[in-house]
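A short worksheet on the structure shown next.
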Amino acid sequence: MAQPTPETTPYELLGGADALGRIIERFYALMDSEPKFARIRELHPADLAVSAEKLTSFLSGWLGGPNLYMEKFGHPMLRARHLPFPIGVAERDAWLACMRRALEDGGVEPDLRDWLMQQLQGTADWVRNRPE
Ligand code: HEM
C-alpha cells in the first residue's frame, strides 16, 4: 500500500523533486484561475513564482526529502510567517481544497493522497489565525 513506512519517505513515494515541483505548480495555477480560490489568491503576491519556490522548498523537507527551505530561507516559523494574512476556517479549507485538486490532477495515488491531506490538515489549521 502506498503509505509511508520508516523505510520510505512520503517524498520518495510522491516521486521526488520533479513530482513535487509539478504538484505545487498546479496548486498555484489552480489558485490563480479558479473563482472559488479567488479569496485566498488575493492574499498572495501578484507573481506566484516565489510562493511556489517557498512552498516546494518547505514541503520537500516536511515530506522527508532535502530540507531546502531551511537552506534557502532559514527557519520556516510557519505560524509567524502567516500572521500578516487573515486566515480563518474558509481560507484554511480553500487552501486544502486547492491542494487536494493539485494532488488529484498530479495523479497521486488515492491512499497516498488521503494520507498527505490528513497530515496537511493539521498544519493548515495550525497557521489559522482567526477563530472563524
Ligand atoms: C499545510 C498548510 C500550509 C503550509 C505548509 C504553508 C506553507 C507556506 C510557506 C512555506 C510559505 C512561505 C513563507 C515565507 O517564506 O515567507 C507560505 C506563505 C503564505 N501562505 Fe501558506 N502554508 C499553509 C497554509 C496556508 C493557508 C491555509 C493559507 C490561507 C490562505 C496560506 C496562505 C499563505 C500566504 C498568503 C502566504 C504569503 C505569500 C507567499 O509567500 O506565498 N497558507 N505558506
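All of the numbers you see were taken from the coordinates with simple rules; none came from a lab. Please read all numbers here as calculations on a predicted model, not as lab measurements. Ideal geometry is used to build each Cβ from the backbone, glycine not excepted, and the neighbour counts take in all protein chains shown.
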Give, to the nearest whole percent, the P(r) tail of segment 11-126 beyond 20 angstrom, counting all Cα pairs.
39 percent
Tell me the mean residue ellipticity at 222 nm calculated for the chain from its helices only (DSSP H runs of n ≥ 4, each -39500 (n - 2.57), averaged over every residue, nearest 500).
-19500 deg cm²/dmol
HN-Hα J in Hz across segment 72-83 - Karplus 6.51, -1.76, 1.60, θ = phi - 60°, x for Gly and Pro
8, 10, x, 5, x, 6, 3, 5, 4, 5, 8, 4
Going by alpha carbons, how many degrees (0 to 90, nearest 10) lie between the helix axis of 49-62 and the longest principal axis of the chain?
40 degrees
Checking Ala102, Ala49, Ala94 against a Gaussian network model of the chain (alpha-carbon springs below 10 Å), the top fluctuating residue turns out to be Ala49
Need the full-extension length gain, Asp111 to Glu132, defined as separation in residues times 0.36 nm minus the C-alpha distance. One decimal, nm.
4.6 nm
Stretchable slack from Asp18 to Leu78, in nm (0.36 nm times residue separation minus alpha-carbon distance):
19.2 nm
Using only Cα atoms, find the angle between the long axis of helix 89-105 and the longest principal axis of the chain, and express it within 0 to 90 degrees, rounded to the nearest 10.
40 degrees
In degrees, nearest 10, range 0 to 90: what is the angle between the Cα axis of helix 16-33 and the longest Cα principal axis of the chain?
30 degrees
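Quick one: if the Förster radius is 41 Å, what FRET efficiency do Ser51 and Glu7 give, using the C-beta to C-beta distance and rounding to 0.05?
Values: r = 33 Å, r/R0 = 0.79.
Given R0 = 41 Å and the Cβ-Cβ separation, E is 0.80.
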